[in-house]
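Asks: Below you will find the structure I want to go over with you.
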Amino acid sequence: MLDRISLVLVIIGALNWGAIGLFQFDVVAWLFGGQGAIISRIVYTLVALAGIWCLSLLFRESEVLATNKEE
């Protein structure tokens, strides 16, 4: 479950960075009152922590894939 939540947060972060890169528009800041707003900073921090968590996906064994094949 933590993997899925982290992946969703990383996707949100990627889409936000895409909007910044393509349109110079920060969706998170727009939604929550600017980059300095506490809720924006919380969202940015959660996305960063999710990204760090998702790094662990690169180094895990493929036990999840093996479990899914058995079902």
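The values are calculated or read from the model by the stated rules, or taken from the named source; none is laboratory data. None of the values given here were measured: they were computed from a predicted structure. Using ideal geometry, Cβ is built from the backbone for each residue, glycine included, and neighbour counts are taken over all protein chains shown. These area figures cover heavy atoms from the full protein model, side chains too; ligands, DNA and RNA do not enter into them. Shrake-Rupley method; radii C 1.70, N 1.55, O 1.52, S 1.80 Å.
Asks: Can you find, within segment 49-62, the residue that is modelled with the highest pLDDT among those that are farther than 16 Å from M1 by Cβ and of a type outside the set (A, V, I, L, M, F, W, C)?
Replies: Step by step, filter segment 49-62, then rank; the result is G51.
Asks: Return yes or no: is L2 at pLDDT below 95 and aliphatic (A, V, I, L, M)? Walk me through how you get there before you give the answer.
Replies: Numbers: at pLDDT below 95: yes; aliphatic (A, V, I, L, M): yes.
Taking the combined requirement at face value, the residue satisfies it.
Asks: How about segment 34-61: which of its residues are in contact with a Ser or Thr (Cβ under 7 Å, 6 or more places away or on another chain) and open to solvent by 40 Å² or more (accessible area, probe 1.4 Å)?
Replies: Selection gives W53 alone.
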